[in-house]
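Chemist: Have a look at the structure that comes next, please.
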Amino acid sequence: MKKLALGLMLLLLFTGLVAADEGGGEKEGEAELGGLAAFGVGLVFVGVAYYSLTKRGLIIEHRRGSPGIVMRPERAYITVFGPVYPMTIHHSLTVVGTLLALAHFVTCTDYSTLGGKAGLGMAIVLVLMNISGFYGRYVHVKIEMAARKKQSERLKRFAVLLRRWKLFHIALAVLFLILLGIHLAVVGD
């Protein structure tokens, strides 16, 4: 299973590299690999959307099992069977997407413009969101362990941490979207 996940990540990386535009920055200081960044941000959005849609099971229901998709008219409309949990898919796509987007941000040589500052801010926020995501996963595991061991005080403490973490993680996502909008408005063609 780990080999399959690693292979999928490498495939996504190479697909992004192939899809990336060749020339890139035509102006002095302009970042290159914009196609790679777009592909990376797209992966982040797909990872977030898939997790969000499966979390409550309103549209997509995710079940462990052999890979497959079943569509039916009642709710949830789509059942996806797969060997990994939606959170693992979310983490994998967001980490790979972040790495692809960072390749674009590091090619910029001038962060003095509004577009450059917004891009740098996006890079920083993406890294913070990934760190935050790993912390959230850690807290979630601690909650599950406390629940299994019936440690109610510890469970309450970690539940409070999880609520605070969610607010922080969502605030980072909103900040990223604002910076993305600024960046695209300023440097978009």
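Chemist: Being assigned to a helix (DSSP H, G or I) and either aromatic (Phe, Trp, Tyr) or under 14 Å from Ala171 (Cβ atoms) (or both) is the filter here; which residues of the stretch 105-120 pass it?
Modeler: Taking the stretch 105-120 as the starting set, the residues that turn out to be assigned to a helix (DSSP H, G or I) are 105, 114-120.
Residue satisfying the conditions is Phe105 alone.
Chemist: Next question, about the same structure. At pLDDT 85 or above and either in contact with a Lys or Arg (Cβ under 6 Å, 6 or more places away or on another chain) or of a type outside the set (S, T, N, Q) (or both) - does that describe any residue in the stretch 59-78?
Modeler: no
Chemist: Next question. Pick out the one residue from Ala118, Ala101 that is in contact with a His (Cβ under 8 Å, 6 or more places away or on another chain) and crowded, with 20+ Cβ neighbours inside 10 Å. Before you say what the answer is, go through the steps one by one.
Modeler: Values: Ala101 fails: in contact with a His (Cβ under 8 Å, 6 or more places away or on another chain).
On inspection, the qualifying residue turns out to be Ala118.
Chemist: Does Val139 fit the bill of being assigned to a helix (DSSP H, G or I), within 22 Å of Thr98 (Cβ to Cβ) and either of a type in the set (A, V, I, L, M) or modelled with pLDDT under 90 (or both)? Talk me through it step by step, then tell me what you get.
Modeler: Details: assigned to a helix (DSSP H, G or I): yes; within 22 Å of Thr98 (Cβ to Cβ): yes; either of a type in the set (A, V, I, L, M) or modelled with pLDDT under 90 (or both): yes.
Yes.
Chemist: Looking at (1) surrounded by fewer than 18 Cβ atoms within 10 Å (Cβ to Cβ); (2) at pLDDT 65 or above; (3) part of a loop (DSSP other than H, G, I, E, B), which is the only condition Gly29 fails?
Modeler: It fails just one condition, (2).
Chemist: Check the stretch 78-96 and report whether any residue there is part of a loop (DSSP other than H, G, I, E, B) and touching a Phe, Trp or Tyr at 6+ places or on another chain (Cβ under 7 Å).
Modeler: No, that holds for no residue.
Chemist: Taking Ile178 as meeting all but one of (1) within 20 Å of Tyr51 (Cβ to Cβ); (2) within 21 Å of the chain's Cα centre (by Cα); (3) surrounded by 13 or more Cβ atoms within 10 Å (Cβ to Cβ), write down the number of the exception.
Modeler: Of everything listed in (1) within 20 Å of Tyr51 (Cβ to Cβ); (2) within 21 Å of the chain's Cα centre (by Cα); (3) surrounded by 13 or more Cβ atoms within 10 Å (Cβ to Cβ), Ile178 misses just condition (1).
Chemist: With respect to Gly116, determine if the residue is farther than 18 Å from Gly35 by Cα and not assigned by TED's automatic domain parsing to the domain that holds Pro86. Spell out how you get there, then give the answer.
Modeler: Values: farther than 18 Å from Gly35 by Cα: no; not assigned by TED's automatic domain parsing to the domain that holds Pro86: yes.
So Gly116 does not fit the description; no.
The values are calculated or read from the model by the stated rules, or taken from the named source; none is laboratory data. Just so we're clear, the structure is a prediction, and the values are computed from it rather than from any experiment. FYI the Cβ positions are ideal-geometry reconstructions off the backbone, even for glycines, and counts take in every protein chain you see.
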